[in-house]
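To start, the structure itself, in structure tokens.
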Amino acid sequence: MTDINKPVNLNEMIKSIIMRIKLIRCIELKAIVTLSLVLINSGNLLIGSNLFIRDNNDLSADTILRYNHYPTGKLYVYYSKDQTNQSSPAVIFFFGGGWNSGSPKQFESQASYLNKYGVTVVLADYRTQKNAGTTPKEALMDAKSAMRYLKQHAMSIHVDPDKILAGGGSAGGHLAAATAFCHQINNPEDDLNVSSIPKALILFNPVIDNGPHGYGFDRVKDYYT
């Protein structure tokens, strides 16, 4: 029996999920894991000293990839500490902020933690109202473009394209979930033959309901179905 009074270690929960995903060989979506909890402060986890690329997001990463031509079209790649020529599982995280603002730095500590357990982590930047004057629709386009790009280029960073998970918090949780379930919104420049559906979802307090009584309906009502 689970002790509901015992503190929850979200990083440990994520690690347990990833360890199971590493054993999955089939390509379809196998699990949706909703961690409807307030994001924890993991400030005690430090970034490894081998990270050496830094840009104007004040993020250090092993590799920075560009998935589209917008200034925010960047993926910050953190390799697992036992990275070899063999493909590893990966998680792409989308930050929260109501599609208005935010930073990929939100999941920097989770990247450091999961790297120690053989997981490559990718922190995605994307367009928001603050940095690009855009709507949630453009944010979702970017999220799906990022997932497709990561799958297309996975082998070049020693990631198994069939073992890529998506995660995020709040609005970022919405974007992660929508890469799997929102099929009608895509960047017209994307190759739609490449699926944006991840292996599994890791969602922190996600925005799931955008309907008339949900969050952000006034911003998505023109294309809500």
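Read the figures in this text as sums done on the coordinates, not as results from a lab. These numbers come from a predicted model, not from an experiment. Cβ atoms come from the backbone with ideal geometry, glycine included; neighbour counts cover every protein chain shown.
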(request) Would you check if there is a residue in region 172-183 being assigned to a helix (DSSP H, G or I), among the β-branched types (Val, Ile, Thr) and within 21 Å of residue 101 (Cβ to Cβ)? (result) yes
(message) I need the full set of residues from region 127-142 which are surrounded by 23 or more Cβ atoms within 10 Å (Cβ to Cβ), under 16 Å from residue 74 (Cβ atoms) and in contact (Cβ under 8 Å) with a residue 60 or more places away in the chain, in order please.
(response) 142
(request) Kindly provide the set of residues from region 109-126 that are surrounded by fewer than 23 Cβ atoms within 10 Å (Cβ to Cβ) and out of contact with any Pro (no Cβ under 9 Å at 6 or more places or on another chain), ordered by number. (result) 109, 112, 113, 116, 117
(message) Regarding region 177-187, can at least one residue be identified that is of a type in the set (Phe, Trp, Tyr) and touching a residue at least 24 places away in the same chain (Cβ under 8 Å)?
(response) no
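Look through 172, 168 and report the one residue that is in contact (Cβ under 8 Å) with a residue 40 or more places away in the chain and either over 19 Å from residue 70 (Cα atoms) or of a type in the set (Val, Ile, Thr) (or both). If you could, list the steps in order and put the result at the bottom.
Numbers: 172 fails: either over 19 Å from residue 70 (Cα atoms) or of a type in the set (Val, Ile, Thr) (or both).
One residue alone meets the criteria, 168.
Does residue 210 satisfy being more than 13 Å from the chain's Cα centre (by Cα) and closer than 30 Å to residue 80 by Cβ? If you could, list the steps in order and put the result at the bottom.
Values: more than 13 Å from the chain's Cα centre (by Cα): yes; closer than 30 Å to residue 80 by Cβ: no.
Criteria not met by residue 210.
Quick one: which strands (runs of 3 or more DSSP E) lie wholly within region 54-170 and hold at least 1 residues that are under 15 Å from the mean Cα position of the chain (by Cα), farther than 26 Å from residue 205 by Cβ and not basic (Lys, Arg)?
Working: elements: 63-66, 74-78, 88-94, 120-124, 159-169.
The strands (runs of 3 or more DSSP E) meeting that bar are 63-66, 159-169.
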(message) Among the residues in region 201-211, are any in a helix (DSSP H, G or I) and crowded, with 23+ Cβ neighbours inside 10 Å?
(response) no
(message) Just the residues that are more than 14 Å from residue 160 (Cα to Cα) and either among the hydroxyl-bearing types (Ser, Thr, Tyr) or buried (at least 18 other Cβ atoms within 10 Å of the Cβ) (or both), please, taken from region 78-96.
(response) 78, 93, 94, 95, 96
